[in-house]
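Each remark here refers to the structure printed beneath this line.
The values are calculated or read from the model by the stated rules, or taken from the named source; none is laboratory data. Note that the coordinates shown come from a computational prediction; the quantities given were computed from them, not determined experimentally. Cβ: placed from backbone, ideal geometry, glycine included. Neighbour counts: every protein chain shown.
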Amino acid sequence: MKKIKVRILSGSLLVLFGLLLMSFVQEKKPWDVPAKYQSMKNPQSVDDASMVKLGKMMYSKHCKSCHGNFGEGNGPKARSIDADLGDFTSAEFKAQKDGVIYYQSFVGRDEMPNFEKKITDEEERWAIVTYMHTLKKK
Amino acid sequence: MKKYLYTLVLALLSSAMLFAQEETETVEKVVDKPVRSPWESGTIVNHHTSVTQQKNTLEMVINHRFGVVENGISDVFGIMAPGANIRIGFNYSILDNLNVGFGTNSQKKYQDFQAKYTPFRQTRQNTMPVSVTLYGNAAIDAREETVFGTDYAFSDRMSYFSELIVDRKFTDWITLKASVNFTHYNAVDSLMDNDKIGVGFGGRVKFSPQSSLTFELGIPLQISSISQYSTFTKPPKAHMAIGYEVSTSTHAFQIFLTNGLGILNQELYMHNQAEMDLRSFRFGFNITRLWNF
């Protein structure tokens with residue numbers, strides 16, 4: 001009888017541990033970015049002050065409430081979101097191809113909404129990507 | 001003969017190449033796009049702007065006007081006063097520059113149908129220096145029949161407002177507008193005119209990527225040549241508003257002080273009797289929510 005109890009307990013612990021692991025795996029689920037986006041090139045440069053300014057305006061309006069003032073994933077809405085919001089100031093984020101950032105930002109998935117209908121101008125979309133490259137930890 | 005043939009073929013080829021070059025030039029011609037967000041939403045406070053949301057967008061608008069501030073803290077500057085005016089409306093963009101809408105209003109139980117069309121939009125390269133907008137609505141006063149007197153007809157309930165709006169975004173921070181409008185009520189109190197021409201002015205000073213200060217002024221004109229009477233009885237007073245606006249991806253929040261209780265423009269231009277003194281002002285807010293389809 002004791003053996004059965006131990007087995008049930010250890011089995012339950014194993015299931016719990018598995019669920020815990022799965023939740024971690026879900027958060028870090030890799031992005032499946034289509035080749036079309038992988039090969040996209042950003043026509044703007046971070047030295048283009050007018051595009052950085054435009055990007056800042058657009059970021060403030062569309063992204064800041066979740067991703068935070070400086071892109072650290074700590075906006076006022078971040079607490080109610082399960083998905084990993086990322087840290088735009090990190091080297092890991094900035095090492096990504098611009099086309100990948102574009103896909104993640106405007107096509108989105110799950111809790112990251114699609115912004116293609118809200119931000120229809122290509123220049124404005126790339127300006128946000130360009131601005132994200134200028135974000136630094138505060 | 002051969003020489004002539006060669007010359008003819010060469011001439012044809014070169015002309016074909018010229019056409020090809022012209023086509024390439026046409027393709028390369030840069031399209032001057034409309035300026036980015038000259039305003040954050042379709043209204044400053046009460047006045048309409050040139051903004052129509054992009055095609056297939058549904059916009060919900062909630063308008064609220066509290067009581068006047070004159071009683072001070074006793075009714076929290078009108079916020080707890082009775083007689084608030086509330087409107088809820090929906091606008092749908094059929095095209096990028098055309099929307100239609102419906103709203104229902106607690107004041108006089110107005111049910112309004114409206115359309116806004118912006119045939120010319122200011123462009124980034126200034127090929128079009130201003131935006132030109134046409135706005136019009138028709139409203140039904142849905143109160144009980146007795147309000148309209150003894151000779152009641154359904155048409156007595158109708159009022160109309162039409163406006164020509166010209167605005168320009170001068171810099172990223174400043175946008176101004178001027179408008180001329182025409183109001184018509186099928187039925188008004190005796191000695192009042194059925195028609196009224198007015199002018200409107202408004203602006204926005206954006207001081208951060210999301211926040212702006214806004215203001216507007218509406219002046220009903222007293223034009224003797226269109227008046228039905230030799231003197232003006234109860235001429236409507238000018239209305240104004242000063243406010244603060246915050247916009248996000250899908251919302252615009254506007255909080256303001258205004259001396260007009262009305263939300264519909266014809267009500268403000270025809271029936272506003274509030275003076276422009278501090279006691280006659282009231283707080284109000286507008287909230288919009290957008291859905292893209």
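If you go through the range B:207-254 one residue at a time, how many are more than 14 Å from chain A (Cβ to nearest Cβ), among the aromatic types (Phe, Trp, Tyr) and touching a strand residue (DSSP E or B) at 6+ places or on another chain (Cβ under 9 Å)?
Taking the range B:207-254 as the starting set, the residues that turn out to be more than 14 Å from chain A (Cβ to nearest Cβ) are B:213-244, B:254.
Now restrict to residues that are among the aromatic types (Phe, Trp, Tyr): B:215, B:229, B:232, B:244.
Still in the list and also touching a strand residue (DSSP E or B) at 6+ places or on another chain (Cβ under 9 Å): B:215, B:244.
Within the range B:207-254, residues that are more than 14 Å from chain A (Cβ to nearest Cβ), among the aromatic types (Phe, Trp, Tyr) and touching a strand residue (DSSP E or B) at 6+ places or on another chain (Cβ under 9 Å) number 2.
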Residues of the range A:92-125 being touching a helix residue (DSSP H, G or I) at 6+ places or on another chain (Cβ under 8 Å) and within 14 Å of another protein chain (Cβ to nearest Cβ), in sequence order, are A:Ser105, A:Phe106, A:Met112, A:Asn114, A:Phe115, A:Glu116, A:Lys118, A:Ile119, A:Glu123, A:Glu124, A:Arg125
Conditions (1) assigned to a helix (DSSP H, G or I); (2) surrounded by 15 or more Cβ atoms within 10 Å (Cβ to Cβ); (3) free of Cβ contacts under 8 Å to residues at least 24 places away in the same chain -> B:Asn71 fails only (2)
Over the range B:214-243, the set of residues part of a strand (DSSP E or B) and surrounded by fewer than 15 Cβ atoms within 10 Å (Cβ to Cβ) is B:Ile242
So, first residue in contact (Cβ under 8 Å) with a residue 40 or more places away in the chain and under 14 Å from A:Leu135 (Cβ atoms) in the range A:44-59, second residue of a type in the set (Lys, Arg) and not in a helix (DSSP H, G or I), Cβ within less than 9 Å, six or more apart or across chains; the pairs are A:Met58/B:Arg36
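Would you mention how many residues in the range B:192-226 are acidic (Asp, Glu) and either in contact with a Gly (Cβ under 8 Å, 6 or more places away or on another chain) or not assigned by TED's automatic domain parsing to the domain that holds B:Met158 (or both)?
Applying the first criterion (acidic (Asp, Glu)) to the range B:192-226 yields B:193, B:195, B:216.
Narrowing further to those that are either in contact with a Gly (Cβ under 8 Å, 6 or more places away or on another chain) or not assigned by TED's automatic domain parsing to the domain that holds B:Met158 (or both): B:216.
Residues meeting the conditions: 1.
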The number of residues in the range B:79-100 that are touching a Phe, Trp or Tyr at 6+ places or on another chain (Cβ under 6 Å), crowded, with 16+ Cβ neighbours inside 10 Å and closer than 21 Å to B:Leu261 by Cβ is 1
Return yes or no: is B:Lys177 within 14 Å of chain A (Cβ to nearest Cβ) and touching a residue at least 40 places away in the same chain (Cβ under 8 Å)?
no
Matching residues in the range B:112-133 (of a type outside the set (Val, Ile, Thr), surrounded by 15 or more Cβ atoms within 10 Å (Cβ to Cβ) and within 17 Å of the chain's Cα centre (by Cα)) number 9
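Yes or no, residue by residue, for (1) assigned by TED's automatic domain parsing to the domain that holds B:Asp277; (2) within 28 Å of B:Val199 (Cβ to Cβ); (3) modelled with pLDDT of 95 or more; (4) not hydroxyl-bearing (Ser, Thr, Tyr):
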{"position": "B:Glu40", "(1), (2), (3), (4)": "yes, yes, no, yes"}
{"position": "B:Asn46", "(1), (2), (3), (4)": "yes, yes, yes, yes"}
{"position": "B:Lys55", "(1), (2), (3), (4)": "yes, no, no, yes"}
{"position": "B:Glu59", "(1), (2), (3), (4)": "yes, yes, yes, yes"}
{"position": "B:Asn63", "(1), (2), (3), (4)": "yes, yes, yes, yes"}
By residue number, the members of the range A:62-88 that are part of a helix (DSSP H, G or I) and either over 18 Å from A:Thr134 (Cβ atoms) or modelled with pLDDT under 90 (or both) are A:Ser65, A:Cys66, A:Ala78, A:Arg79, A:Ser80
